[in-house]
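Here is the structure we will look at, set down as structure tokens.
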Number of protein chains: 4
Amino acid sequence: MKRKIGIVGATGYTGVELLRLLSSHPDVEISYVTSREHAGSRVDAMFPNLRGYVDLEFSAPANDALSECALVFFATPNGIAMKSAQVLLDAGTKVIDLAADFRIKDIAVWEKWYGMRHASPRLVEEAVYGLPELNRAQIRAARLVANPGCYPTAVTLGLLPLVEKGLIDLDNVIADTKSGVSGAGRKAEVHTLLAEAGDNFKAYAVAGHRHQPEIAQTLSNIAHQSVNPVFVPHLLPMIRGIHATLYAKLSAEADLQPLYQQRYANEPFVDVLPAGSHPETRSVRGANFCRIALHRPGNGDQVVVLSVIDNLVKGAAGQAVQNMNLMLGLAENTALRQPGLLP
Amino acid sequence: MKRKIGIVGATGYTGVELLRLLSSHPDVEISYVTSREHAGSRVDAMFPNLRGYVDLEFSAPANDALSECALVFFATPNGIAMKSAQVLLDAGTKVIDLAADFRIKDIAVWEKWYGMRHASPRLVEEAVYGLPELNRAQIRAARLVANPGCYPTAVTLGLLPLVEKGLIDLDNVIADTKSGVSGAGRKAEVHTLLAEAGDNFKAYAVAGHRHQPEIAQTLSNIAHQSVNPVFVPHLLPMIRGIHATLYAKLSAEADLQPLYQQRYANEPFVDVLPAGSHPETRSVRGANFCRIALHRPGNGDQVVVLSVIDNLVKGAAGQAVQNMNLMLGLAENTALRQPGLLP
Amino acid sequence: MKRKIGIVGATGYTGVELLRLLSSHPDVEISYVTSREHAGSRVDAMFPNLRGYVDLEFSAPANDALSECALVFFATPNGIAMKSAQVLLDAGTKVIDLAADFRIKDIAVWEKWYGMRHASPRLVEEAVYGLPELNRAQIRAARLVANPGCYPTAVTLGLLPLVEKGLIDLDNVIADTKSGVSGAGRKAEVHTLLAEAGDNFKAYAVAGHRHQPEIAQTLSNIAHQSVNPVFVPHLLPMIRGIHATLYAKLSAEADLQPLYQQRYANEPFVDVLPAGSHPETRSVRGANFCRIALHRPGNGDQVVVLSVIDNLVKGAAGQAVQNMNLMLGLAENTALRQPGLLP
Amino acid sequence: MKRKIGIVGATGYTGVELLRLLSSHPDVEISYVTSREHAGSRVDAMFPNLRGYVDLEFSAPANDALSECALVFFATPNGIAMKSAQVLLDAGTKVIDLAADFRIKDIAVWEKWYGMRHASPRLVEEAVYGLPELNRAQIRAARLVANPGCYPTAVTLGLLPLVEKGLIDLDNVIADTKSGVSGAGRKAEVHTLLAEAGDNFKAYAVAGHRHQPEIAQTLSNIAHQSVNPVFVPHLLPMIRGIHATLYAKLSAEADLQPLYQQRYANEPFVDVLPAGSHPETRSVRGANFCRIALHRPGNGDQVVVLSVIDNLVKGAAGQAVQNMNLMLGLAENTALRQPGLLP
């Protein structure tokens, strides 16, 4: 029998992407999709690609209905899941938050970056950071998973082997990252209009971005010391895709290509490209992969790691489905087996 | 001495385009630029391309300041100019409205399509429709000019010679038009986000669009009989440019290429391409031209006219500057002499 | 046991799209993929989205290997399949040509438009035009299928119900069509460079395009009289997607919405949208659907049909897989069940 | 009287951009435009934006005609100007090479990166590197100017004040750069097709790019010691624009904002944005500016400099016109006074 799944706040891009992926999942059934604003209207009227796949209307969120689900995704803005998760967990429903409510363990840091009081610090403690390549066993056992941010997924997977093995100077790590505009969500805003963000490129939030402390927390945990990388995000004139260009200095000799290939040999969704490659964001368009390539210009101690994901898939909904599969005891790659769409 | 010019509502795309064009105009001085919302902030903070060119802050609109101008442009939403124009005209200030308030002579038709009561029907009667290729002499003498819509400019210039000479079946005219998203303005809206309108194409408003009655009015006036073309607009995944593909049936034999070349021989901004050409929107990017090519597939009675403009230039701000030059007795092409930006 | 499948000329966009779709097909195995130029190099080195999905090298084409396949796709330029199909058919291998070699029944017409002598006129006679919505039974029984062109698929499906029922004036049909650049293939050419075709829009081949006689042939067959629509293609600044805007005049009263819904009620890949809709190309990105909407502006006798497909899927590789499924006796929608990628 | 100007190889993007800019130059006349391949065809047939501006045909290159010019631009591939410059210089014609033939002083380095023997090492010695912000006086006196590369212009202007003042650790400089596809030129190539480079992002040439030694040479000259920055270029899915994100470590305390403002106070084409800004490539689209913003995240010793140019203007043709103005004793900003095209 299929497990019932709920999605709270399914009118954004992570929502429609969850619907697209789950619509072909053989073991779960999307039974409840909420939107306060669009309650009563058909899901496929808003997202016509789902005509014939999702025969549902948006409902106003209601805890009774949600708590009948085996698992509920929160595809909501920051600050929503932290108020609703406890009730669902108490009812035996598992929860994955695609927003940032449970990502940062230090409540003071979270409150500073997200500009609000945290409503459930105790759940932050319980929540597992949903990067399967790092925390697979804990995710399998978790009731509550904090799905990682899009940039942190690309950056962390790109640096993980080097940090785990202690091979780089941790004071000298730079993450120059570039994202398509779907990362900004499906909100009406001037700066992401096609007439503003199209045919244009710029950096943003150079003074500080919320994903920096998330990356710093994960890398620090791995390194058992404080790591505080420089993080500069940029906005790409395209819809999907993140490219992280990562700079580090080797502090010990290392053979990078086998290091990465061994670290990720059993990972279904991390693909280490042949030496000298340049991964393209389009190679993962619509797919749950992170593709990584390693460079050492002039064979010096400078390492350049290139890491690409689809921000809506491995950077959000795909990784959430991967986590769901783990939490429900299903094959990890169920509903995630499609190659990217190229061209 | 330079004439003082005001722009009401200069925070949209027609506003910034007026500023770009007028900043190099030798005979006028932009002296007053208004925005209720952004009063007090620098113009070039919003539009950094104007750094070094426009040393002004936005002001709250005030009739005293505006009426010191020789001419005021309204780059406002529909329904604003009709409330403010009379005061300025009374003070001796000329007015060009880039919105639709004075375009449609039949008040009932206007009120139906624009969904509000008209505040100054008498001024509608006085206003001259600002298509220089049709009404140059009246524009020169006008106090109040209704700057044409973007689609109507491309469609009307494309059909004008055929309608003037009575060469086509007027019951069988189709205008299939395509516009870049800047035509929708600089408003925060979901459907013109890069993530929605990018990498996508669709028709819209097939049931009826406000530019259809404007086109019908002009063509009917020329033909001295009612013309009611089929008009279907589409949204292009790009920023600037309109392409009108116009279909008509010849009702009499005609030699199209010389007909168009002669009609537009003295027009500074209409360029009839060699027979067999396919005009590209990029050939007019940033320039005030309308480029037209004529086709008669299989040499039958079917005519296909291709007409391109930059919707923000010949379709809005450029044509408005052209009208201003005429109204102020200046050389018609002043500040409009730059070629398009290609690639 | 899986059937062996070959693809001749798999380095173009229809080739990689066939590989993407077939890589998840449970009943067939891609066993042989040819490219003269890239023989010996890995398929997934050229198309990195297929890493982990297609573990093959390109081979030089060889008839022995191809004739071991149950079915061979020709994803080659025009003029190749007509020279090779007979040998394969003789060996019992079925053939689907994605190029134009077998689409036009009148050899003289074909030779005029394609600029070469036809090498196997007899096979043209035998070949079935692979539009399942029109010829499903014949396709099931066919050895040789001519996969329809991309524009003809969108246009024919958009007009089919009207022409079958004899409801429109056949002398007055206009197809204004717009295509993404992937329709031009993966050839190094100046006019489809991003710096040329990006941020730009133009018509092309207004004097005549090869897809016009193909459309005319199909509509004439349905109507049992000569139909010769006006056909004007345009190039969109995007990768995938065709939008056909179709104009016709009703010659008899008709209720369009139920007419189309009934005609396509049992079609798995034609989706008639609710009245008043505007189909978007992105709703079918990567999916095998044709989505159609019907309009009758002002409730007059003018019909406007909007029809969208992904030119690489329903317009090429997806339709070819649909035809293959029919020819091999498999469920028609196998490997074609994914929704489109939106945004 | 206007000076005669020639352009060799005017069919590429730097060529058409030179034509666009020079067509409004009051002091020079484009008298001779060459293209071996297109000799005899009209310039404005290839570049329709120039209809009405450039009334010329392409000619086959001929030294007599070129040597009648006051100055000749080489907008040719690498390796052409080095063979032809001497003859023109001997005839008293000044030369600006927009390719790389005279940029690198160390012939061995040049030959390694450009893969050919240098034909005129003596001229390399004489040539002045045409970055006016660095070498204005020498450019004024030069017969032969090597116009800088696009990336080197953006990177060098972004780092110049820091290197001149000796404020940064020169072993730790990283230039993460991103360019629109027009930087790859108007050549028919698969990887810059819209269907390949559109909606996609990737790094390239991470192992080594020709612009790295050019940047290293200039910075080393300024620093009077060897500087060898890490340089990683990326390809943006858009036409025009370069964004350099530059990382350096302060080795001494510095007040960056006044440092840059003072260094560039008298520069007509370098614009230092207010502290905290994020320059956008579109703010310089079609304009000759370099816009720079300075960041020091967390007020630590890490400096992030953001630098944008239009690769075809300040990165190529605009800078070449600026150099021409200096070499011919004209006002430096003649024909370069237009603001960027936004949106």
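The values are calculated or read from the model by the stated rules, or taken from the named source; none is laboratory data. Every value quoted in this text rests on a predicted model; they were computed, and no experiment measured them. Here the Cβ is made from the backbone with ideal geometry for all residues, glycine too, and neighbour counts use every protein chain on show. Ligands, DNA and RNA are stripped out before the accessible areas are found, and what is left, the full protein with its side chains, is counted by its heavy atoms. Shrake-Rupley method; radii C 1.70, N 1.55, O 1.52, S 1.80 Å.
May I ask you to list pairs of residues, at least six apart or on different chains, whose Cβ atoms are under 7 Å apart, with the first in the range D:4-18 being within 13 Å of chain B (Cβ to nearest Cβ) and crowded, with 24+ Cβ neighbours inside 10 Å and the second being part of a strand (DSSP E or B) and modelled with pLDDT of 95 or more?
So the pair list comes out as D:Gly15/D:Ile7; D:Leu18/D:Ile7; D:Leu18/D:Phe73.
With the structure loaded, tell me whether D:Arg282 is within 13 Å of chain B (Cβ to nearest Cβ) and part of a helix (DSSP H, G or I) or whether it fails that test.
yes
Which condition breaks for A:Arg103 when tested against (1) among the basic types (Lys, Arg); (2) part of a loop (DSSP other than H, G, I, E, B); (3) open to solvent by 40 Å² or more (accessible area, probe 1.4 Å)?
Among (1) among the basic types (Lys, Arg); (2) part of a loop (DSSP other than H, G, I, E, B); (3) open to solvent by 40 Å² or more (accessible area, probe 1.4 Å), the lone unmet condition for A:Arg103 is (3).
Please find, within the range A:268-284, the residue that is farthest from D:Ile174 (Cα to Cα) out of those that are open to solvent by 20 Å² or more (accessible area, probe 1.4 Å) and not aliphatic (A, V, I, L, M).
A:Pro268
I'd like to check which strands (runs of 3 or more DSSP E) are fully inside the range C:1-83 and have at least 3 residues that are under 23 Å from D:Ala195 (Cβ atoms).
Hits in the range C:1-83: C:28-34.
Residue by residue through the range D:240-263, note down the ones that are open to solvent by 10 Å² or more (accessible area, probe 1.4 Å) and either closer than 23 Å to A:Pro279 by Cβ or part of a loop (DSSP other than H, G, I, E, B) (or both).
Answer for the range D:240-263, where residues must be open to solvent by 10 Å² or more (accessible area, probe 1.4 Å) and either closer than 23 Å to A:Pro279 by Cβ or part of a loop (DSSP other than H, G, I, E, B) (or both): D:Arg240, D:Ser251, D:Ala252, D:Glu253, D:Ala254, D:Asp255.
Of the residues A:Pro343, A:Pro339, A:Pro274, which single one is within 12 Å of chain C (Cβ to nearest Cβ) and under 28 Å from A:Pro26 (Cβ atoms)?
Unique residue meeting the criteria: A:Pro339.
Given the criteria within 20 Å of the chain's Cα centre (by Cα), under 15 Å from B:Phe73 (Cα atoms), free of Cβ contacts under 8 Å to residues at least 60 places away in the same chain and not assigned by TED's automatic domain parsing to the domain that holds B:Pro26, does B:Asn288 qualify?
On the way: within 20 Å of the chain's Cα centre (by Cα): yes; under 15 Å from B:Phe73 (Cα atoms): no; free of Cβ contacts under 8 Å to residues at least 60 places away in the same chain: yes; not assigned by TED's automatic domain parsing to the domain that holds B:Pro26: yes.
Criteria not met by B:Asn288.
Looking at B:Gly166, B:Gly180, which is the one that is touching a Ser or Thr at 6+ places or on another chain (Cβ under 9 Å) and at positive phi? It would help to see each step written out before you state the result.
On the way: B:Gly180 fails: at positive phi.
Only one candidate qualifies: B:Gly166.
Within the range B:200-215, track down each residue that is open to solvent by less than 30 Å² (accessible area, probe 1.4 Å) and facing chain C (nearest Cβ under 7 Å).
Answer for the range B:200-215, where residues must be open to solvent by less than 30 Å² (accessible area, probe 1.4 Å) and facing chain C (nearest Cβ under 7 Å): B:Asn200, B:Phe201, B:Ala203, B:Val206.
Could you check how many residues of the range A:319-343 are buried (at least 24 other Cβ atoms within 10 Å of the Cβ), in contact with a Gly (Cβ under 9 Å, 6 or more places away or on another chain) and not in a loop (DSSP other than H, G, I, E, B)?
Final tally of qualifying residues: 4.
Got a number for residues in the range B:117-137 being over 17 Å from the mean Cα position of the chain (by Cα) and closer than 20 Å to B:Leu330 by Cβ? Outline the logic, then answer.
The first filter runs over the range B:117-137 and keeps only residues over 17 Å from the mean Cα position of the chain (by Cα), leaving B:117-126, B:137.
Add one more test, that the residue is closer than 20 Å to B:Leu330 by Cβ, and what stays is B:137.
Summing the residues that are over 17 Å from the mean Cα position of the chain (by Cα) and closer than 20 Å to B:Leu330 by Cβ in the range B:117-137 gives 1.
Name the residues in the range B:112-133 that are open to solvent by less than 50 Å² (accessible area, probe 1.4 Å) and assigned to a helix (DSSP H, G or I), would you?
B:Tyr114, B:Leu123, B:Val124, B:Pro132, B:Glu133
Please tell me if A:Ser226 is touching an Asp or Glu at 6+ places or on another chain (Cβ under 6 Å) and surrounded by fewer than 16 Cβ atoms within 10 Å (Cβ to Cβ).
Against the criterion (touching an Asp or Glu at 6+ places or on another chain (Cβ under 6 Å) and surrounded by fewer than 16 Cβ atoms within 10 Å (Cβ to Cβ)), A:Ser226 does not qualify.
Please find, within the range B:134-156, the residue that is surrounded by the most Cβ atoms within 10 Å (Cβ to Cβ) out of those that are closer than 17 Å to B:Thr93 by Cα and β-branched (Val, Ile, Thr).
Result: B:Val145.
Being assigned to a helix (DSSP H, G or I) and open to solvent by less than 20 Å² (accessible area, probe 1.4 Å) is the filter here; which residues of the range D:89-100 pass it?
D:Leu89
Within the range B:221-243, work out how many residues are β-branched (Val, Ile, Thr) and at the interface with another protein chain (Cβ under 7 Å from one of its Cβ atoms).
3
Yes or no: the range B:119-127 includes at least one residue that is touching a Leu at 6+ places or on another chain (Cβ under 8 Å), modelled with pLDDT of 95 or more and of a type in the set (Gly, Ala, Ser).
yes
Among A:Leu159, A:Leu193, which is crowded, with 23+ Cβ neighbours inside 10 Å, away from chain D (no Cβ under 14 Å) and out of contact with any Gly (no Cβ under 9 Å at 6 or more places or on another chain)?
None of the other options fit; the residue is A:Leu159.
Among the numbered criteria (1) within 17 Å of the chain's Cα centre (by Cα); (2) closer than 27 Å to B:Met82 by Cβ, which single criterion is violated by B:Glu189?
Condition (1) is where B:Glu189 drops out.
Please find, within the range C:162-190, the residue that is farthest from the other protein chains (Cβ to nearest Cβ) out of those that are out of contact with any Lys or Arg (no Cβ under 8 Å at 6 or more places or on another chain), assigned to a helix (DSSP H, G or I) and over 25 Å from C:Gly12 (Cα atoms).
C:Val163
Restricting to the range B:230-239, count the residues that are open to solvent by 10 Å² or more (accessible area, probe 1.4 Å) and touching a residue at least 60 places away in the same chain (Cβ under 8 Å).
Here the count works out to 1.
Could you please find all residues in the range D:176-190 being open to solvent by 20 Å² or more (accessible area, probe 1.4 Å) and touching an Asp or Glu at 6+ places or on another chain (Cβ under 8 Å)?
D:Arg186, D:Ala188, D:Val190
Residues are listed down the side, and each one gets a yes or a no for (1) open to solvent by less than 40 Å² (accessible area, probe 1.4 Å); (2) aromatic (Phe, Trp, Tyr); (3) within 21 Å of A:Arg285 (Cβ to Cβ):
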position: C:Glu29; (1), (2), (3): no, no, no
position: C:Ser35; (1), (2), (3): yes, no, no
position: C:Ala39; (1), (2), (3): no, no, no
position: C:Arg42; (1), (2), (3): no, no, yes
position: C:Asn49; (1), (2), (3): yes, no, yes
position: C:Tyr53; (1), (2), (3): no, yes, yes
position: C:Ser67; (1), (2), (3): yes, no, no
position: C:Ala70; (1), (2), (3): yes, no, no
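Any residue at all in the range A:32-41 that is within 14 Å of chain C (Cβ to nearest Cβ), more than 22 Å from the chain's Cα centre (by Cα) and free of Cβ contacts under 8 Å to residues at least 60 places away in the same chain? Let's see the steps before the verdict.
Keep residues of the range A:32-41 that are within 14 Å of chain C (Cβ to nearest Cβ), which gives A:41.
Okay, now just the ones that are also more than 22 Å from the chain's Cα centre (by Cα), so A:41.
Subsequent filtering for residues that are free of Cβ contacts under 8 Å to residues at least 60 places away in the same chain retains A:41.
Among the residues of the range A:32-41, at least one is within 14 Å of chain C (Cβ to nearest Cβ), more than 22 Å from the chain's Cα centre (by Cα) and free of Cβ contacts under 8 Å to residues at least 60 places away in the same chain, which makes the answer yes.
So for the range B:287-297 (the condition being of a type outside the set (D, E, K, R), open to solvent by 10 Å² or more (accessible area, probe 1.4 Å) and within 14 Å of chain D (Cβ to nearest Cβ)), does at least one residue qualify?
Yes, the range B:287-297 contains a residue that is of a type outside the set (D, E, K, R), open to solvent by 10 Å² or more (accessible area, probe 1.4 Å) and within 14 Å of chain D (Cβ to nearest Cβ).
Can you confirm whether D:Pro148 is away from chain A (no Cβ under 14 Å) and within 21 Å of the chain's Cα centre (by Cα)?
Working: away from chain A (no Cβ under 14 Å): yes; within 21 Å of the chain's Cα centre (by Cα): yes.
In short, yes.
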